[in-house]
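Bear in mind these aren't lab numbers, they're just calculated from the coordinates by the rules spelled out. Since we're looking at a predicted model, the values are computed, not measured. Note that we place each Cβ from the backbone using ideal geometry, even for glycine, and neighbour counts take in every protein chain shown.
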Amino acid sequence: MKPGGGVLASAAPALPLAAFFTVAYLLPVAVLAAVSALTALRGGHWTVANYSTFLGDAYHLSILGDTLLLGLQVTLVTLLIAYPLGLAYLRAGPRVRTLLLFLILLPLLTNTVVRTFAWMAILGREGVINAWLVGVGLTDGPQRLLYTRPWLVVALAQIYLPLMALPLNNSLAKIDANLMKASEGLGASRAFTFRTVILPLSMPGAVAGGLLVFAGSTTAFITQTLVGGGRQLFMPLHIYQQAIGVQKWTFAAAISVIFAIAVMGLVYLVNRAARERMRGVDA
Amino acid sequence: MRELKDAAYRGVVALLATVALVLLVAPTLVVVLMSFTGDFTLRFPPRSWSVRWYTELFSNSPQIVTAAWVSLKVAVIATAVSVVFGTLAAVAIAGRRDRWAVALDGVFMSPMVFPAMSLGLALLLLLSLAGIRLSTWTLAIGHVVIATPFVIRMVSAAAQQVNPVLLDCAASLGASRIHAFRTITLPLIRPGIVAGGVVAFLSSIDHVPVSLMLADPRTETLPIHLWTILEANLDVRVASVSGIVVAVTIAVILLVDRRVFVERGRAS
């Protein structure tokens, strides 16, 4: 006798969470979508004005575009540093691997605010980098590093590096070492082996990590406001200001929906494209 | 020619790996060192060393301590709920390719990529339209949604390792499904549950956007309070709070890692 034949019997343990998510996640998102199409939170009527205001205005659109661009930049930088780290991890012995794993996990274990604060201390006028620049004599006075785009990207890349490194290391570890030996034995250079063997076979990990980094850095409110500063406005702060700041609830709801669709839509498309290309590669 | 190319490739990889390592370690190190500064500004390296900002924290910062309590309370509730619900759900859907299981998995995992600020506003609108007052509990509900995907991922990974033959054996010997779960599945997936719980707890302690939307003065969490301090002026007390957070997390990890490690040793 096999226990529990029907779908309901097998699905039963998932029902409490399904019920919870329906009330605390799906229902609020449905309410958000409904409110975004109203003229006022209470006693309003249906309208598309909130959406046409956002989508018809270059300023609002540029905030959305810039937020997505930020996510893309951070994802690329994390990829650039996670691959060498992963290759080093592969070639290391068990003891060094444990140490590397701990170092990779270290940023994940400390608060985002703490990590952001660390970057403020590093980039500030009296910070590490400026002390070094002035000390070595490369610049006359302290440079403005905080509140600049390149350093915001670097800070976010550091904060989200573990989310990329963990799945990527997993993927790299699954590659058959014989393939690399064969490639080198047949006369391929290391760089060629990387491009034709390692890169395609580690794609599942890179994609999984990339999507988490992208989603995380586009919504990283704390780092965006503290390291990015007031002059760079991104979607999370925009939503917060429109909602809590000026209490334009229905407009804030519409921005939230647009932002969610943009991020989740991109994640979905990349996921699908990657799955098409990676058929046969063991995820 | 190939040797030269390989040397260049190896050099680039080594350089970038070093950059990555420095990037991983430096910020934590800077924060810990900075917390022992004797100065009034975030000068690095500090001119003098002291523990004054730690004593300041405990003797003269009631708001930070209150915010820390709120964070802790919310994180404990959120972890407890997400571990129980998440473990049950993960056991039901792990390794299944049925359409319902794939769909449920998609919904349960989606908060990982759903913009948290949008979710926060969604919850705030629902609560305000339903006339429910904001409290620690409403905040905890939001955090459960944020933390659950981590539990599901960790427990699913562990549950996929459980040999289904064991459960078939138990069933053919007359064990009920609940008995089989308790005596076979649960002990085998315990490391996954513990790991999921730790990550869920850390993700709740760390979370800001939903808390920001659902915060009133009584439910201001630690990261939000620190954020307001950092926005207003670079108060050095943030460094000492950070120092404590780093110490506590590393202690918890070492403790839990040992437990998981010991249990793994026993299971094999």
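Quick notes
- Treating r as the C-beta distance of residue B:232 and residue A:51 and R0 as 30 Å, the FRET efficiency rounds to 0.25.
- Loop-located trypsin sites (Lys or Arg not before Pro) in segment B:55-150 whose Cβ has at most 10 other Cβ within 10 Å (DSSP): B:97, B:133
- Hydrophobic long helices, here whole DSSP H runs in chain A with Kyte-Doolittle means of at least -0.5 and Cα atoms spread over 24 Å or more along the helix axis, are found at A:58-91, A:149-174, A:249-277.
- Hydrophobic long helices, here whole DSSP H runs in chain B with Kyte-Doolittle means of at least 0.0 and Cα atoms spread over 18 Å or more along the helix axis, are found at B:2-34, B:62-93, B:116-130, B:136-159, B:186-206, B:237-267.
- Applying 1/(1 + (r/R0)^6) with R0 = 41 Å to the Cβ-Cβ distance of residue A:138 and residue B:250 gives a FRET efficiency near 0.70.
- Cα shape, chain A, gyration tensor, a/c 1.5 rule: oblate
- Label-point gap, in nm, between residue A:102 and residue A:80 - each point 7 angstrom along Cα→Cβ: 3.0
- Modelled this way, with points 7 Å down the Cα-to-C-beta line, the labels at residue A:178 and residue B:179 are 4.7 nm from one another.
- Each of B:215, B:180, B:94 was scored by the projection of its Cα onto the charge dipole of the protein assembly as shown, and the greatest displacement toward the positive side belongs to B:180; charges sit on the C-beta of Lys, Arg, Asp and Glu.
- For residue A:38, distant residues with modelled amide H under 5 Å away: A:47
- Taking amide H positions as modeled 1.01 Å from N, with prolines and chain starts lacking one, the residues under 5 Å from residue B:37 and 5 or more places away or on another chain are B:50.
- The distance linking segment A:214-283 with segment A:158-186 is 29 Å (Cα centroid to Cα centroid, whole angstrom).
- Fewest-first ordering of B:235, B:168 by other beta carbons within 10 Å of each residue's beta carbon gives B:168, B:235.
- Between segment B:91-139 and segment A:25-69, the C-alpha centres lie 20 angstrom from each other.
- Extended-chain gain in nm, criterion 0.36 nm per residue less alpha-carbon gap, residue A:62 and residue A:268: 71.9 nm
- Averaged over the residues of peptide A:45-51, the number of Cβ atoms from other protein chains lying within 10 Å of each residue's Cβ is 0.
- Label separation (residue A:40 vs residue A:244): 2.5 nm, computed from points 7 Å beyond Cα along the C-beta direction.
- Point-charge dipole on Cβ atoms (K/R +1, D/E -1) for segment B:53-267, about Cα centre, debye to 20: 740
- When +1 charges are put on Lys and Arg Cβ atoms and -1 charges on Asp and Glu Cβ atoms, the dipole computed for the protein assembly as shown relative to its Cα centre reaches about 1000 debye.
- Centroid-to-centroid, using Cα positions, segment B:170-212 and segment B:1-77 are 32 Å apart.
- Only Lys, Arg, Asp and Glu carry charge here, each on its Cβ (+1 for the first two, -1 for the last two); on that basis segment A:46-282 has a dipole of about 440 debye about its Cα centre.
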